[in-house]
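The values are calculated or read from the model by the stated rules, or taken from the named source; none is laboratory data. Small disclaimer: the values here were computed from a predicted structure and weren't measured. Here the Cβ positions follow ideal geometry from the backbone for every residue, glycine too, while neighbour counts run over all protein chains shown. Surface accessibility is based on the protein's heavy atoms, side chains included, excluding ligands, DNA and RNA. Shrake-Rupley method; radii C 1.70, N 1.55, O 1.52, S 1.80 Å.
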Amino acid sequence: MTDTQARPSTDSFEVRFSGPGARWLRLLGHRGLAPLALLFLALVLFVPGLSVAPPLGSGEAQVVETARHMLGTGDIVDTRLRDGSERIVPPGLPLLQVLSAAASGQGADAPLWVFRLPSLAGAVLAVLLSYWCARAFVAPPPALLAGALTAAALPLGAVARLGEPDALLLAAILAMQGALARVWLSRLAETRPGPLARKGLPAVFWAGLGVSVLVAGLSGPVVAGLSVLTLSIAARDVRWLARLLPLPGLAILAVIVLPWFVASALRGEGGIFSGGSLTLFAGILSAAGIGSPLGTPGIGAPPFAHLLLLLATFWPLPAFVLLGLPMLLRSTRTPQVVFFLCCLVPVWLLIELLPAKVPQQALLLVPALAGLAALLLSRGEEGAAPHRAGRILRYAAAGLFAVPLIALVAANLIAGPLTGAWPSPPGAVIALLALVPGFSAVRRLARGEPAAALMPALGAGILLAAALWVFTLPSVGPSMGPSVAPSLTPAPAPASVAAEPAATDPAASGTAQ
């Protein structure tokens, strides 16, 4: 369904931004210009530090190690880790990293940033798909706001610079949700899709589902299943599911996923249900933890720990969500708010109830929160709270923005001394400069002017990203995790030596030769 076809059912949210700061939103929020503006913003936020950021944890080392081994041996089917556990890495990201390294002309000897390019592409695509998802319900200016808030969220900036599957998983889920939004709206009589959309949107949904399986096991199907189930309950109708074309869709899913199982079975010289394919399937099942594609052990934490994490680390998004809270309480039955709540609440409840908390889990909540904030803030004064309550809410939003801002600046100042490393003077100076646009955004949030606050908020985010990823983290990286670095460094041995690493030299199993 096209955007114009979706609009008749959502006229109540086609409110143009007004007031201070709205002029630039209306200017950049043109249908042809908004995606280009978001592309530029995403690159400015995500590219700095890509080549110098240190690895954070073992997840990136495991995936890059697998990709290097695939390049060294020429076996692109074997995605087992070489740490002795024989666990299977879902094949999507290692395959993309192999293609990226091969395209660079350096193969297994490519530097680490080359292996990070698929994650960067996934993060940029997630920003653009967040805009596309919001466009099912609103005009380009509010959808531009949704994409900008997604791009500025700190967790997405982190996974964009690390060779891990989270950014690609988020992009695949957003493709599913953007198609699902339009299919769900098509059940309304006034939003009948055209013939091309009736077939194209379900294809996008099932293709996104297949990509999510290759990238992160069952994480994508779990999120899609929860969203579909909750939407059906909210609509009190399951007939709309026929519009997803389940039988052709399952065929698309099989075309994407089954070749890998077949290739694994053939490699093991057996049928599709032989040991090789069953081992691969078991590995994918073991990696099905939401937001933890490598099955990384989580941290024990009580329920609602992710809510506190969200308030602290999703900067600057929570402040804008809080400003839209009064409109949320008045709009819980509108189709557009219902959709984002159905995509947000069940996934949030699931990850809160999981006994092991993984920080990447909360990343899946970012686009739904950003889309919801854009929907609600697009109502302008119509959604404002009463005078006294509104003033308290505005000050709370300003505080939600200011506290993480100050904490991030302080982290750039004290990270060096705390880790025993020399502090980075450029990182400290750039972080301090971020306070100028940051406090400008705080003042505008305190006045209840979200459109005016967004531009200085993005300016502060760009400066903080440059300070943190280009200067501060590289300066303290060696003292944070030196044991991770060796597995990310290409070994000098020729590929011929590494043809059978497990058989020739057990010590070589830790790194692709």
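Modelled this way, with points 7 Å down the Cα-to-C-beta line, the labels at residue 350 and residue 418 are 3.3 nm from one another. Peptides 468-475, 345-352, 252-259 ranked from most to least packed give 468-475, 345-352, 252-259, packing being the mean of other C-beta atoms within 10 angstrom over each peptide's residues.
Rounded to the nearest Hz, the phi-derived 3J(HN,Hα) couplings of the range 239-254 under the Karplus curve 6.51 cos²θ - 1.76 cosθ + 1.60 (θ = phi - 60°) are 5, 5, 5, 4, 5, 7, 6, x, 5, x, x, 5, 5, 4, 4, 5, where x marks glycine and proline. Label sites at residue 233 and residue 436, each approximated as a point 7 angstrom past Cα along Cα to Cβ, lie 5.1 nm apart.
Across the accessible surface of the range 149-268, with the other protein chains kept in place and a 1.4 Å probe, carbon and sulfur atoms take up 75 percent. Accessible surface computed residue by residue for the range 128-204, with neighbouring protein chains in place and a 1.4 Å probe, gives 23 Å² per residue. Taking a ≥ b ≥ c as the square roots of the Cα gyration tensor eigenvalues, the range 216-258 comes out oblate, since a/c reaches at least 1.5 and a/b does not exceed b/c. Peptides 447-460, 30-43, 222-235 ranked from most to least packed by the mean count of surrounding Cβ atoms within 10 Å: 447-460, 222-235, 30-43. Summing charges over neighbours of residue 118, with a neighbour being any other residue whose Cβ is under 15 Å away from its Cβ, gives 0 when K and R count +1 and D and E count -1. Note on residue 334 and residue 410: their simple-model spin labels are 3.8 nm apart, each label 7 Å out from Cα toward Cβ.
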